[in-house]
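Following: one structure in structure tokens, then a few remarks.
Derivation of every value follows stated rules applied to the coordinates shown; laboratory data play no part. Every value quoted in this text rests on a predicted model; they were computed, and no experiment measured them. All Cβ positions, even for glycine, are placed from backbone atoms using ideal geometry, and neighbour counts span all protein chains on display.
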Amino acid sequence: MAEIYRASTTAPVNIAVIKYWGKRDPKLNLPTNSSLSVTLSQNDLRTHTTASCSPSYPKEDTLLLNGSPQDVSGARTQACFRELRALRKQLEDSDSSLPKLSSFPLKIVSENNFPTAAGLASSAAGFAALVRAIANLYELPSSPTDLSRIARQGSGSACRSLFGGYVGWEQGTATDGSDSIAFQVAPASHWPNMRAVILVVSAAKKGVSSTTGMQTTVATSSLFAARASETVPRRMQEMQKAIQDKDFEAFGKVTMMDSNSFHATCLDTYPPIFYLNDVSRAAIKIVESINAAAGKIIAAYTFDAGPNAVVYYLEENENEVAGLFKAILGEKDGWKGERGAKIKTSDVENVRE
Ligand code: DP6
């Protein structure tokens, strides 16, 4: 019986406060603007992935997500497999005693503990976990920065899930993508009382995928150019300063304005893309009323490519923010059996099992 080599890891979801929307190179997933996100707690939203390989496996690589076989022939998954195998091959070429794992078929098994493709950044956690599980299996000496360059090719936002805390993704200028990498702005411990509540408006699969949506926006929106070239570069600076200073009012204002700007370019896309619905807009109103009652910004909403709201707040304002959402919405169905799931931010540990 041939040997089976195996490694597991988990990767958390990240939710952007400065959104990535637009590709300058769709093949390498090189973005038209830098972005910044907060990594959420692995206890709450994460992908767990086991990568294994063996000469005894059937010839084709396979991927099982939440028990269903996935197509791995797509260019993005293939790019990740190819890059990781090439790095393993370098190790094998320099040390002939190493088993030739790079030549064995891969079997990947992933589980999400939240609804897949519901606009909860499942592809981010998914590709981050896939890349790190294979890197662990191959015992690669790669840093999170190196892995972010590979995970980006699976799904752009995945590069940010390789770091914990507050994470930037530098758009870069190189045509080969070598400088389009994620970096840590600050660890979660720098601003540990940051919290998020997720309002699961719908756990259904999203209408327009991020990839298709952003390509159409780049091609048709007249608002888009100003967003990419002026608005986002300015906000990246403002956001990094807000995080360094632990200034929630600045953090919250930029977060909400950037979400609005992103959804405005979606509406300005032709044909228009509507990710927000009436419940999303009601959530915006609730956040506005919370902030009006407090006389300052203590809650900040943001929406990705779907109707679900993520509301950031500080732990000391738990009752005013998460408490109010709970009271209004009640404990209805949704993710984890609750409409609002309260979660912490996290540092990423490279869990090797
Ligand atoms: C709105 O990373 O899913 O969540 O690179 O095509 O896989 P692809 O796109 P993806 O887009 C995420 C878009 C977003 C904003 C963000 O996370 O920055």
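With +1 on each Lys and Arg Cβ and -1 on each Asp and Glu Cβ, and nothing else charged, work out how big the dipole of the chain is about its Cα centre, in Debye to the nearest 20.
Roughly 500 debye for the chain.
Helix 232-245 against the longest principal axis of the chain: what's the angle in degrees, Cα atoms only, rounded to the nearest 10?
80 degrees
Work out the charge dipole of the chain with +1 on the Cβ of Lys and Arg and -1 on the Cβ of Asp and Glu about the Cα centre, then indicate which of Pro141, Thr32, Ser97 is farthest towards its positive end.
The Cα lying farthest towards the positive end belongs to Thr32.
Highest mean first, how do 22-28, 310-316 rank when packing is the count of other Cβ atoms within 10 Å averaged over residues?
The most tightly packed comes first, giving 310-316, 22-28.
Using the per-residue mean of other Cβ atoms lying within 10 Å as a proxy for protection, in what order, highest first, do the peptides 58-66, 76-84 fall?
76-84, 58-66
Just to confirm a number: summing +1 for Lys and Arg and -1 for Asp and Glu over residues other than Ala294 whose beta-carbon lies under 14 angstrom from that of Ala294, what do you get?
So the environment of Ala294 carries a net charge of -3.
After finding the eigenvalues of the alpha carbon gyration tensor for the chain, what semi-axes result from the square roots of 5 times each, listed largest first in whole Å?
Equivalent ellipsoid semi-axes, largest first: 35, 22, 19 Å.
Using 1/(1 + (r/R0)^6) with R0 = 56 angstrom and r between the beta carbons of Ala186 and Glu3, what's the FRET efficiency to the nearest 0.05?
That pair, Ala186 with Glu3, gives E of 0.85.
Which net charge results when you count Lys and Arg as +1 and Asp and Glu as -1 among the other residues whose beta-carbon is under 15 Å from that of Gly172?
+1
Going by amide H atoms built from the backbone, whose H comes under 5 Å of the H on Lys23, apart from near neighbours?
Under 5 Å from the amide H of Lys23 lie the amide H atoms of Thr32, each far enough along the sequence or on another chain.
I want the local charge near Ala225. Using Cβ-Cβ distances under 15 Å, sum +1 for each Lys or Arg and -1 for each Asp or Glu among the other residues.
Net local charge, Ala225 excluded: +2.
Taking amide H atoms as placed 1.01 Å from N in the peptide plane, list the residues 5 or more away in sequence, or in a different chain, whose amide H sits under 5 Å from that of Ser202.
Asn308
Going through the cross-link list Lys253/Lys285; Lys27/Lys89; Lys59/Lys107; Lys19/Lys107, which pairs have a Cα-Cα distance over 21 Å in this structure?
Long pairs (Cα-Cα over 21 Å): Lys27/Lys89; Lys19/Lys107.
Mind checking the dipole of region 5-46: about its Cα centre, +1 per Lys or Arg Cβ, -1 per Asp or Glu Cβ, Debye to the nearest 20?
The dipole magnitude comes to about 160 debye.
Along region 130-135, what does the Karplus equation 6.51 cos²θ - 1.76 cosθ + 1.60 (θ = phi - 60°) give for ³J(HN,Hα), rounded to whole Hz, x for Gly and Pro?
Once rounded to whole Hz, the list reads 4, 5, 6, 5, 5, 4.
If the viscosity is 0.890 mPa s and the temperature 25 °C, what Stokes-Einstein diffusion coefficient in µm²/s follows for region 30-138 when Rh is the Kirkwood radius over Cα pairs?
The calculation lands on 161 µm²/s.
Quick one: which residues, 5+ away or cross-chain, put their amide H under 5 Å from the amide H of Ala186? H built at 1.01 Å from N.
Residues meeting the amide H criterion: Tyr166.
Under a plain spin-label model, where a point goes 7 Å from the Cα along Cα-to-Cβ, how far apart in nm are Ala226 and Leu267?
Result: 1.5 nm between the two label points.
If you fit an axis through the alpha-carbon atoms of helix 210-220 and take the longest principal axis of the Cα set of the chain, what angle between them do you get, 0 to 90°, nearest 10?
60 degrees
Calculate one ³J(HN,Hα) per residue across region 321-326 by plugging θ = phi - 60° into the Karplus curve 6.51 cos²θ - 1.76 cosθ + 1.60, and present them in order as whole Hz with x for glycine and proline.
Couplings: 9, 5, x, 5, 4, 5 Hz.
Could you tell me the calculated FRET efficiency between Asn260 and Glu316, based on Cβ-Cβ distance and R0 = 41 angstrom, to the nearest 0.05?
Calculated value: 0.95.
Starting from the Cα of Asp25, step 7 Å along the direction of its Cβ; do the same at Glu170; then give the gap between the two resulting points in nm.
Reported label-point gap for Asp25 and Glu170 is 1.6 nm.
Given the -39500 (n - 2.57) contribution per DSSP H run of 4+ residues, what per-residue ellipticity at 222 nm results for the chain, rounded to the nearest 500 deg cm²/dmol?
Computed ellipticity for the chain at 222 nm equals -10500 deg cm²/dmol.
Can you tell me the length gained on complete extension of the stretch Gln237 to Lys326, counting 0.36 nm per residue apart and subtracting the Cα distance?
28.7 nm
7 Å from Cα along Cα→Cβ at both Ser289 and Glu249: what's the point-to-point distance in nm?
2.4 nm
From the backbone phi of region 69-84, what are the Karplus-calculated ³J(HN,Hα) couplings (6.51 cos²θ - 1.76 cosθ + 1.60, θ = phi - 60°) in whole Hz, Gly and Pro given as x?
Coupling constants for region 69-84: x, 10, 6, 9, 7, x, 4, 6, 5, 4, 4, 5, 4, 4, 5, 5 Hz.
Determine the percent antiparallel among the DSSP beta bridges restricted to the chain, to the nearest 5.
If we restrict to bridges inside the chain, about 90 percent are antiparallel.
Report the one residue of Thr49, Ser8, Trp21 whose Cα lies farthest in the direction of the positive end of the charge dipole of the chain (charges on C-beta: Lys and Arg +1, Asp and Glu -1; origin at the Cα centre).
Selected residue: Trp21.
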